[in-house]
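Report on one structure; see the data block that follows.
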Amino acid sequence: MATAVLALQGAFVEHEGRLAELGEKSLELRSAEDLARPFDRLVLPGGESTVQGRLLRREGMLEPLARLVADGMPVLATCAGLILLAARIEDGVEDGRDRSGVRPARHLGTLDVTVVRNAYGRQLGSFHTRGAVAGVGDDVPMTFIRAPYVAEVGPGAEELARVDGRVVAVRQGAQLAVAFHPELDRDLRIHEALLAL
């Protein structure tokens, strides 16, 4: 079949490029009508999670996608995609102000984690590193752009990677979520892990 890439906003074209390098067909999800097309995997790209959540609701895609993921469809969620999947969301440090309190689930809510949004601050707080990701390999490139991190991993999920003591990759069943942008690096192992789910 094909891998569907949420194409409402964010770095979806880069994911399509990585999938094409692996010989995988992709299709773009832009409206509820696109959900009728055949696909067996899903990518939720980085971007602005608040904007993506609003557009998912407006286009009538939020509940159908949540059902597909909850029913076991393999999904790769990167950066904002991690926030879309998270069951619990906290606001992080934004514009130098500390925002506190856990907000209620407002997106798909299928991944048993608490994420902190914008945890690394503004765009200037972006950085690149390398590290091990369980089940993927060692020396995996990780590009963080206004990235979230996982503050709490619930019993349904498992931690796959940490950077500077913070959880940045998790898995729950067929849901693979990372706080970084593998689509911006040449390493294909994260996308290969999606295709192996």
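Laboratory data are not the source of any read-out in this text; all were calculated from the coordinates shown. No experiment lies behind these values; they were computed from the predicted model shown. Please note: Cβ atoms are built from the backbone with ideal geometry, for glycine as well, and neighbour counts cover all protein chains shown.
General observations
- Kirkwood-Stokes translational diffusion coefficient of the chain, alpha-carbon pairs, 25 °C, 0.890 mPa s, µm²/s: 150 µm²/s
- 3J(HN,Hα) couplings calculated from phi for the range 70-87 with the Karplus curve 6.51 cos²θ - 1.76 cosθ + 1.60 (θ = phi - 60°) are, in sequence order, 4, 7, x, 5, x, 9, 10, 10, 10, 6, 4, x, 4, 5, 4, 7, 4, 6 Hz; Gly and Pro show x.
- Between the amide H of Ala132 and those of Asp139, Val140, distances stay under 5 Å, these residues lying 5 or more places away or on another chain, with hydrogens modeled in the peptide plane.
- Computed 3J(HN,Hα) for the range 61-69, one whole-Hz value per residue from the Karplus formula 6.51 cos²θ - 1.76 cosθ + 1.60 where θ = phi - 60°, is 9, 4, 5, x, 5, 4, 5, 4, 5, glycine and proline marked x.
- Residues whose amide H falls under 5 Å from that of Val43, counting only those 5 or more places apart or on a different chain, are Ala4, Val5, Leu6, Leu76, with hydrogens built in the peptide plane.
- Taking the Cα centre of the chain as reference, the dipole from Cβ charges on Lys and Arg (+1) and Asp and Glu (-1) amounts to some 460 debye.
- Ordering Thr78, Thr50, Thr114, Thr3 by the number of other Cβ atoms within 10 Å of each residue's own Cβ, fewest first, gives Thr50, Thr114, Thr3, Thr78.
- Selection from Ala70, Gly137, Leu194, by position along the positive dipole direction of the chain (Cβ): Ala70
- Whole-Hz Karplus values for the range 137-152 come out as x, 8, 6, 7, x, 9, 9, 9, 10, 6, 7, x, 9, 8, 7, 8 Hz, taken residue by residue from phi with 6.51 cos²θ - 1.76 cosθ + 1.60 and θ = phi - 60°; glycine and proline positions read x.
- Shown for Asp40, Asp34: other C-beta atoms within 10 Å of each C-beta, ranked fewest to most, produce the order Asp40, Asp34.
- Based on Cα contacts under 8 Å between residues 6+ apart, the chain shows a relative contact order of 19 percent.
- Amide H contacts for Gly154 (H built 1.01 Å from N in the peptide plane; partners 5 or more residues away or on another chain; cut-off under 5 Å): Val113, Thr114.
- Rounded to 5, the percent of DSSP beta bridges in the range 3-196 classed as antiparallel: 55 percent
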